[in-house]
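Everything below concerns the one structure shown next.
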Amino acid sequence: LGLYVNEPFQDCRYADEDVNFDLMNSLGCSATERDIMYSPYVPAGSFVCKKEVTLAIGKKYYFSCKDQNGNVMPQNYVFDMKAE
């Protein structure tokens, strides 16, 4: 899993239901200003959390990150693993 965000972060988390950040599973990654990515394959100025996780097809997953100042995203990002 590669989760790309637009600012440095303390922690990114995920859950299989829409819950508060503190109840989510930590992905165990962080990024500082020096970790900024410059690549033609990602949005300019991105920071990435890369982690191996098992996601089930047919389920929705919710992701959120906490920035360096302790702010959490106002709403979780939803990723739907629909079977095609």
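The values are calculated or read from the model by the stated rules, or taken from the named source; none is laboratory data. Owing to the predicted nature of the structure, the values given are computational and were not obtained by experimental measurement. Please note: Cβ atoms are built from the backbone with ideal geometry, for glycine as well, and neighbour counts cover all protein chains shown. Surface areas here come from the heavy atoms of the whole protein model, side chains and all, with no ligands, DNA or RNA. Shrake-Rupley method; radii C 1.70, N 1.55, O 1.52, S 1.80 Å.
Just a few scattered comments:
- Rounded to the nearest Hz, the phi-derived 3J(HN,Hα) couplings of region 73-82 under the Karplus curve 6.51 cos²θ - 1.76 cosθ + 1.60 (θ = phi - 60°) are 3, x, 9, 6, 7, 9, 10, 9, 8, 4, where x marks glycine and proline.
- The residues of region 1-82 have, on average, 67 Å² of accessible surface per residue, using a 1.4 Å probe with all protein chains present.
- Apportionment of accessible area to carbon and sulfur, the chain, percent (1.4 Å): 47
- Mean Cα-pair separation over length for the chain, i.e. relative contact order, pairs under 8 Å, 6 or more apart, %: 36
- Taking 7 Å steps out from each Cα toward its Cβ at Tyr38 and Val78 produces label points 3.8 nm apart.
- Our coupling estimate for region 37-46, obtained by passing each phi through the Karplus curve with A = 6.51, B = -1.76, C = 1.60 and θ = phi - 60°, is 9, 10, 8, x, 9, 9, x, 4, x, 8 Hz, Gly and Pro reported as x.
- Amide proton proximity set for Ser46, modelled H, under 5 Å, gap of 5+: Met37
- Summary of packing: across the peptides 47-53, 63-69, the per-residue average of other C-beta atoms within 10 Å ranks them, highest first, as 63-69, 47-53.
- Potential extension, Glu17-Asn71 segment - 0.36 nm per residue separation minus Cα distance: 17.4 nm
- Centre separation in Å (Cα based) which lies between region 2-32 and region 66-81: 6
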